[in-house]
Each structure stands twice: as C-alpha cells, then as structure tokens.
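Enquirer: Structure below; questions to follow.
Throughout, read-outs are computed from the coordinates displayed, never taken from laboratory work. Quick caveat: nothing in here was measured; it's all calculated off a predicted structure. Backbone-built Cβ (ideal geometry, glycine too); neighbour counts: all protein chains shown.
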Amino acid sequence: MPHAGEPSTVAHVDLGRYLGTWYEIARLPMRHEPADYTDITATYSLLPEGKVRVDNRALDGKGEPEQSIGEASVVEGSGNARLEVSFMPDGLKWVPFTRGDYWILRVDEDYRTALVGSPDRKYLWLLSREPSLAEEIKADFLGTARQQGYDLSDLILTPHTGRSAG
C-alpha cells in the first residue's frame, strides 16, 4: 500500500558523529550495483567547504575492488538529516544515480546503526559500524523502513567476507 507524503527523517544528525566508515548490511536492489557485490562500505569525511566526501567501496562478483567517490551537501533546514549526493562522472560504474537524495531515516543514539533511504522509497540502505548486525537490531530498523512505506520484498543482505575493498 503506497504511503502518502515523504518518509520522515530524524530531527537532527550530529554530522561529526555520523562521519567515518559504515558497512552496508542490506539494501534495496539498484541496477548500477549488482547483487553479487560484497564487502560494501561507505566512508564519510568532511571537506574544507563544509561538504561531505562520500567514498563507496565494494568487491565485485570476481572479488575485484570497485570505488565510487562523491560529494554530499546538507539540505538547509533539515537538521543534517537530508543530504544531496552527487557522484563524479568517472565513478558511475555502480552507483544508482549521479545526483540523489540521501535521507537519514533513523540512527541509534550511539551512531552505530543507521537507516538511509530516498524520498521516493526506491532506495534504502541499512548501515552499521561493524560488518555484521545483531538480528534483533536488523529486524527493528527494517521494521522502521516498513512503517515508512518501503517495500522490502527484494531486500538484498550484503555479505561481508572480511576482505578489504581498498
């Protein structure tokens, strides 16, 4: 059943605490990110002009490292919970968009687990500071996604093999 309106984001994100490396635990399928990619991480760091550098890394189906670099700008008035991300033309091998909305739907108080989605509900990522996430936390955060109207029937759980993607 379609949800009216946009998903709700957290009221405020402490960007300093959000920066760093996150492991992708699960995602909705994206045509530029093949289902056989493993060991997907996103590392966020602050750039001098106040934008956020996005460094996405993964291993492809053959175990070869892939990398995609982008920049995110905080949407004014969003409490840092809404970012607009753009990826450089040379990094478009496996990202779903050149420019897109990255909304932080939920983050735990310790900034260890985060749920991020797009306002059209096509994209969703469950992120953790560790390569694995306790089942009850995973279920709780995915429950939030369902309540917000995301269809999780095609959800992909991202394998982490312990190999580095770069």
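Enquirer: With +1 assigned to the C-beta of every Lys and Arg and -1 to the C-beta of every Asp and Glu, and no other charges, what is the dipole magnitude of region 15-157 about the Cα centre in debye, to the nearest 20?
Expert: Working: 17 positive and 24 negative charges, 46 e Å.
Using Cβ point charges on Lys, Arg, Asp and Glu, region 15-157 gives about 220 debye.
Enquirer: Over region 15-157, what is the mean sequence separation of C-alpha contacts under 8 Å (at least six apart), divided by residue count, expressed as relative contact order in percent? If you can, show how the numbers build up before the last one.
Expert: Values: 288 pairs, mean separation 34.6, N = 143.
Worked out over region 15-157, it gives 24 percent.
Enquirer: In whole Å, what is the distance between the alpha-carbon centres of region 100-140 and region 53-82?
Expert: 14 Å
Enquirer: Moving to a separate point now. Taking the Cβ of L15 as the centre, find all other residues whose Cβ is under 13 Å away and add up their charges (Lys, Arg: +1; Asp, Glu: -1). Mind showing how you got there, number by number?
Expert: Values: positive: R17, K51, R53, R82; negative: D14.
Around L15, the surrounding residues sum to +3.
Enquirer: Need the list of aspartates and glutamates near K51 for cross-linking: C-alpha distance under 16 angstrom, and skip anything on the same chain fewer than eight residues off.
Expert: Partners found: D14, E71, E76, E84, D101.
Enquirer: While we're looking at this one, here's another question. Net charge near V75: determine it from the other residues with C-beta under 15 Å of the C-beta of V75, scoring Lys and Arg +1 and Asp and Glu -1. Spell out each step's value before the answer.
Expert: Numbers: positive: K51, R82, R99; negative: E6, E71, E76, E84, D101.
Combined, the nearby Lys, Arg, Asp and Glu give -2.
Enquirer: Which whole-Hz ³J(HN,Hα) couplings does region 115-124 yield from phi under the Karplus relation 6.51 cos²θ - 1.76 cosθ + 1.60, θ = phi - 60°, glycine and proline marked x?
Expert: Those phi angles translate into 10, 10, x, 9, x, 7, 6, 7, 10, 7 Hz.
Enquirer: Run through every distinct alpha carbon pair of region 15-157 and return the Kirkwood hydrodynamic radius in angstroms, one decimal place.
Expert: Numbers: mean 1/r = 0.0652 Å⁻¹.
15.3 Å is the Kirkwood radius here.
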